[in-house]
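Step one of this worksheet: look at the structure below.
The values are calculated or read from the model by the stated rules, or taken from the named source; none is laboratory data. The structure displayed is predicted, hence computed values, not measured ones. Cβ coordinates were reconstructed from backbone atoms using ideal geometry, including for glycine residues, and neighbour counts include every protein chain displayed.
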């Protein structure tokens, strides 16, 4: 009995050891809703204080200031200080420290209920209040003049007073145009000193009215939107300039009836001129124009760019701090996005950066205007680093050293920066550095909060494209408790469209946590960035022109061929999933390679590009009447005969981006051809399913793979 007791005790301790050391599995709630809970520690609302060497951040409902010269951090402003000041103005208190921005070294601005507050952090008092209203939208503050531009319905206002009075609902002012393409994010643009407000005005009279059906009403109602489909009539855009003092409006000289695009709205430093990139409807010709802010007259076309594929200016001009007659222009004209120094008369002084890599962010010049700071892919398409280039010599110096993805915030005079970086194995490190690259202080070295979970190993790598020379980068997540002697099913997660990059050298490698959720359940999760995606240069990006779904699928299959060469991949159990462009890719891959893919789940898929909107669709496919063969070849309606295996399509019934018509037409074609598919839709959701309902969505997707793969 005694001997048996000791054996049992040993077994008991072994079992306990396993239990104690065991890690948790992700729940779908963890994967979908756990971002803020499990993200690595960070600095919340961190900003440099203007013209200083100190920065602020929020912690525990207080504002802290770090004085970098002293390497000291102190509590600077309490939430109670703000609430006391609000109470003195008879404004209700707020529950948490607000989003704020620095107006001057002593003043911050923030919103509280229906008020925009200017708050003196020294006296802890409010010295200016701008009252807003619940029905004001697209708020654009110019706090220094106590002004706020905003919209009500289809008109633009300043401080509640209309500056446009269009009764025709087809004339819309002060809102983003061109369906927010070309880097357009808003519809109003204050001049540097707040004396003028530029604003977009679009005429949608000739744009097709499209019905989205609201089924939550007892009798379903149509929500009518304007949706310009490829090849049809587009909106006509103008740019107005409102003079705050004279209360008068002029419009710049352009030809709205040509359906051209206006973007990169840039005010000159002295408010005398406004600069606009004008793009033709075909999107293959751009003019950078200089206009008078007083009368809207075209002063001069400073430069032109043309392309056999497309031109796509997306960045406003950066005017040099010591020379207002010079600016930096960003362009892909030599095949990669680089920086060019111009005079305001349109003379090219010099190309500042050059090489087979892409400038991804321009931070501006130092106080003397001698060095330009920028972020780029110079070392690797998967990394981001801070560099500087000498304006006079063109010498480029790399500033950040550690491999990975660096998010940079520079102070006003470009002497210091907050370096917030991670890489595949490093959750987050935040350092304060000088622009010589020296680390002055470590603020945060974050722990991996996902280490309590039994996650799969992540690998980054590359395969060669069909041409034998193009690198295609991938991310692979191996199943938990991976055993190389076993065979595992694979789920390829794909997007593959323009302006995307899914594979990066940051923490988790850009992984969607759903992929880790599936890896815990025995799947290999694989993602590859194909031609057509971003940050690899114009040739790589424009390979898709007039033939969407062909080069992208070819590249994805290079990744799949690599997977199939691995001894631990079950080649009979390969699935694919994606949303939006990724939904288009998912179905394209399934139909073109029905001998490879067993299961596919496509969300919000583009089915036929002639049903997609003009601004995006015509850039990559031209008009249907110009490229009928390309539209025919890319249409998934013409490939239904190839359907094998299991396919589920999911769509939001209120989708204003990829309208529900796409997948319904595909279902109708499947019925005609006797092809069986599975279908699910979300009656009240737009283009994607977000919030807590996303748990339901991804449980639906996961169960489909569990049932059939």
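Quick notes on this one:
Residues are listed down the side, and each one gets a yes or a no for (1) closer than 26 Å to residue 419 by Cα; (2) at pLDDT 95 or above:
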residue: 49; (1), (2): yes, yes
residue: 54; (1), (2): yes, yes
residue: 58; (1), (2): yes, yes
residue: 68; (1), (2): yes, no
residue: 71; (1), (2): yes, no
residue: 77; (1), (2): yes, yes
residue: 81; (1), (2): no, yes
residue: 85; (1), (2): no, yes
residue: 89; (1), (2): no, yes
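- Consider segment 322-332 and keep the residues that are out of contact with any helix residue (DSSP H, G or I) (no Cβ under 7 Å at 6 or more places or on another chain) and surrounded by 17 or more Cβ atoms within 10 Å (Cβ to Cβ). The one that is farthest from residue 616 (Cα to Cα) is 326.
- Test result for residue 349, touching a strand residue (DSSP E or B) at 6+ places or on another chain (Cβ under 7 Å) and surrounded by 15 or more Cβ atoms within 10 Å (Cβ to Cβ): no
- Pairs with Cβ under 6 Å, 6+ apart, first in segment 445-461 and closer than 23 Å to residue 383 by Cβ and outside the structural domain of residue 522 (by TED's automatic domain parsing), second modelled with pLDDT of 95 or more and part of a loop (DSSP other than H, G, I, E, B): 446/40; 446/41
- Residue in segment 473-482 that is outside any loop (DSSP other than H, G, I, E, B) and farther than 23 Å from residue 701 by Cβ present: yes
- Checking each residue in segment 367-390 for being assigned to a loop (DSSP other than H, G, I, E, B) and surrounded by 20 or more Cβ atoms within 10 Å (Cβ to Cβ) picks out 377, 378, 381, 382, 383.
- Criterion (more than 19 Å from residue 686 (Cα to Cα) and out of contact with any helix residue (DSSP H, G or I) (no Cβ under 7 Å at 6 or more places or on another chain)) met by exactly one of 217, 161: 161
- From the options 628, 605, 624, residue that is in the same structural domain as residue 494 (by TED's automatic domain parsing) and surrounded by 22 or more Cβ atoms within 10 Å (Cβ to Cβ): 605
- Among the criteria (1) in contact with a helix residue (DSSP H, G or I) (Cβ under 6 Å, 6 or more places away or on another chain); (2) part of a strand (DSSP E or B), the one residue 286 does not fulfil is (1).
- Applying the criterion of being over 19 Å from residue 386 (Cα atoms) and in contact with a strand residue (DSSP E or B) (Cβ under 8 Å, 6 or more places away or on another chain) to the residues of segment 333-346, the residue that is surrounded by the fewest Cβ atoms within 10 Å (Cβ to Cβ) is 345.
Yes/no matrix, rows are residues, columns are (1) more than 30 Å from residue 543 (Cβ to Cβ); (2) outside the structural domain of residue 571 (by TED's automatic domain parsing); (3) over 30 Å from the mean Cα position of the chain (by Cα); (4) surrounded by fewer than 22 Cβ atoms within 10 Å (Cβ to Cβ):
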{"site": "595", "(1), (2), (3), (4)": "no, no, yes, yes"}
{"site": "636", "(1), (2), (3), (4)": "no, no, no, no"}
{"site": "645", "(1), (2), (3), (4)": "no, no, yes, yes"}
{"site": "653", "(1), (2), (3), (4)": "yes, no, no, yes"}
{"site": "665", "(1), (2), (3), (4)": "no, no, no, yes"}
{"site": "672", "(1), (2), (3), (4)": "yes, no, yes, yes"}
{"site": "683", "(1), (2), (3), (4)": "yes, no, no, yes"}
{"site": "690", "(1), (2), (3), (4)": "yes, no, no, yes"}
{"site": "697", "(1), (2), (3), (4)": "yes, no, no, no"}
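- Members of segment 483-507 found to be touching a helix residue (DSSP H, G or I) at 6+ places or on another chain (Cβ under 7 Å) and either on the phi > 0 side of the Ramachandran plot or assigned to a loop (DSSP other than H, G, I, E, B) (or both), listed by number: 494, 495, 496, 497, 498, 502, 503, 504
- Qualifying residue in segment 691-705 (condition: out of contact with any strand residue (DSSP E or B) (no Cβ under 6 Å at 6 or more places or on another chain), more than 28 Å from residue 234 (Cα to Cα) and assigned to a loop (DSSP other than H, G, I, E, B)): yes
- Single match in 497, 510, 537 (criterion: without any contact (Cβ under 8 Å) to a residue 40 or more places away in the chain and under 20 Å from the mean Cα position of the chain (by Cα)): 510
- Residue within segment 572-583 that is more than 25 Å from residue 703 (Cα to Cα), in the same structural domain as residue 621 (by TED's automatic domain parsing) and in contact with a helix residue (DSSP H, G or I) (Cβ under 7 Å, 6 or more places away or on another chain) present: no
- Only one of the numbered conditions (1) surrounded by fewer than 18 Cβ atoms within 10 Å (Cβ to Cβ); (2) assigned to a loop (DSSP other than H, G, I, E, B) is not met by residue 84, and that is (2).
- In segment 254-264 there is no residue matching the filter, namely being touching a helix residue (DSSP H, G or I) at 6+ places or on another chain (Cβ under 7 Å), touching a residue at least 12 places away in the same chain (Cβ under 8 Å) and outside any strand (DSSP E or B).
- The residues of segment 311-332 that are out of contact with any strand residue (DSSP E or B) (no Cβ under 6 Å at 6 or more places or on another chain) and part of a loop (DSSP other than H, G, I, E, B), listed by number, are 312, 314, 322, 332.
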